[in-house]
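Let me begin by presenting the structure, written as structure tokens, before commenting on it.
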Amino acid sequence: MQKIGIPWITVYAGGTIELDFDSNGIFTDHGIIVDINENGEFIDAKIVK
């Protein structure tokens, strides 16, 4: 079984956070980005190339 690795974390000036995961080949050559607002709440997740 494959697992998704530890994300790159970007914190923006307004307090929002972006988590960028390498999918380790689970989604071919795509990654996963998760957006979190300044209150720590989930905003969006998307599979990206």
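The values are calculated or read from the model by the stated rules, or taken from the named source; none is laboratory data. All figures in this text were calculated on a predicted structure; none of them were measured in a lab. Virtual Cβ from ideal backbone geometry, glycine too; neighbours counted across all protein chains shown.
Listed by position, the strands (runs of 3 or more DSSP E) inside the chain whose residues that are out of contact with any Phe, Trp or Tyr (no Cβ under 8 Å at 6 or more places or on another chain) and at pLDDT 95 or above number at least 3 are 8-11, 42-48.
Within the stretch 10-38, how many residues are loosely packed, with under 13 Cβ neighbours inside 10 Å and within 20 Å of residue 49 (Cβ to Cβ)? Give the derivation first.
Step one: list which residues in the stretch 10-38 are loosely packed, with under 13 Cβ neighbours inside 10 Å, which gives 10-15, 24-25, 28-29, 38.
Filter once more, so that each one left must be within 20 Å of residue 49 (Cβ to Cβ): 10, 24-25, 28-29.
The qualifying residues number 5.
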